[in-house]
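Worksheet for the structure shown next.
The values are calculated or read from the model by the stated rules, or taken from the named source; none is laboratory data. Only a predicted model underlies this, so the values are computations on that prediction, with no experimental measurement involved. Quick reminder, even Gly has a Cβ in these numbers, built from the backbone with ideal geometry, and neighbours come from all protein chains shown.
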Amino acid sequence: MSAPTPAPTPAAVSALAHDGTAMLGRQLRRIRHNPGLLILTQTMPVTMLLFFGYVFGSALAMPGEEYRAFLVPGLLVATAANGIMTGMFQAAQDSHRGVTDRLRTLPMSRAAVPLGQAAADLVVTAAGTVPFLLVGLAVGWRIEGSALEAVAAVGLLLLFRFATTWIGILLGLVSRSEEAAGQLGGATFVLPLLSNAYIPTDNLPGWLRTLAEWNPISAVTTALRDLFGNAPVPPDGAWPVSHPIAGSLAWCALLITIFMPLAIHRYTTGER
């Protein structure tokens, strides 16, 4: 019978915080020196909002302004789900260029490197959310709920981004090459299409509607629409969509519980 895992000591927690902060600074400097990627990730959601809002808005049954109010929370969550792609690409880049191996030789907490990457991604996402929300307001989207509910919506959005980033970090560490990680990361654009981020799921075929409503993106999108006051919670959907806040928190907790320890273990052992 194996001995129980000892609880982390205050010294270990302090070391993790110190080393994690150092890795956070490294990741932010890395992003600053790669402005092309930063500009792309910050402008793409705004471009999609303008394209989907004005092109698709005129093609759907709901008026364009209503569709843009429906669309903004969906695009926010779709952008948060891109944490899989960015986390995968950055982890694969470090792994296959030998940076990860060099960092493992340093006398520092093993969890600090992936934790610093996830924290830096969260900072960049939070900063990028501000101009997106301003553009949303400019095209007709409004926050109909209270200020406290709006803050809760942004907090939930960032929690979901944090959860998806760990999926990407793990996939990046196990990828066979940077090219493979890039191709797999690009395929994640399908995930929001299989959700209620862009269109209502009411008229989808039964099996496809079930698949879409059990997609974590659908739960988080519905929660944001509810908290922002943009759309009521559907009463007849799957449980995560009918109870979107609880469903979103459950999905985030599940993803973090599974992928964060696996990513840290993979980084620590260096297995392939």
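Here are some notes:
- Counting only residues that are in contact (Cβ under 8 Å) with a residue 24 or more places away in the chain and either part of a loop (DSSP other than H, G, I, E, B) or among the acidic types (Asp, Glu) (or both), region 98-131 holds 6 of them.
- Any chance residue 75 is without any contact (Cβ under 8 Å) to a residue 60 or more places away in the chain, in a helix (DSSP H, G or I) and within 25 Å of residue 187 (Cα to Cα): no
- One residue stands out in region 1-54 among those that are over 30 Å from residue 104 (Cα atoms), of a type in the set (A, V, I, L, M) and part of a helix (DSSP H, G or I): the one that is modelled with the lowest pLDDT, namely 40.
- Residue that is of a type in the set (A, V, I, L, M, F, W, C), surrounded by fewer than 18 Cβ atoms within 10 Å (Cβ to Cβ), within 15 Å of residue 84 (Cα to Cα) and touching a helix residue (DSSP H, G or I) at 6+ places or on another chain (Cβ under 8 Å), where the choices are 262, 184, 255, 204: 262
Here is a yes/no grid of residues against (1) farther than 13 Å from residue 74 by Cβ; (2) without any contact (Cβ under 8 Å) to a residue 24 or more places away in the chain:
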| site | (1), (2) |
| --- | --- |
| 217 | no, no |
| 221 | no, no |
| 227 | yes, no |
| 235 | yes, yes |
| 239 | yes, yes |
| 247 | yes, no |
| 252 | yes, no |
| 262 | yes, no |
| 269 | yes, yes |
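- Residue match in region 125-143 (condition: among the hydroxyl-bearing types (Ser, Thr, Tyr) and within 30 Å of residue 229 (Cβ to Cβ)): yes
- Complete set of residues in region 132-162 that are part of a loop (DSSP other than H, G, I, E, B) and within 18 Å of residue 246 (Cβ to Cβ): 145
- Among the criteria (1) without any contact (Cβ under 8 Å) to a residue 24 or more places away in the chain; (2) surrounded by 15 or more Cβ atoms within 10 Å (Cβ to Cβ); (3) closer than 20 Å to residue 76 by Cα, the one residue 199 does not fulfil is (1).
- Odd one out for residue 164, checked against (1) more than 24 Å from residue 94 (Cβ to Cβ); (2) at pLDDT 90 or above: (1)
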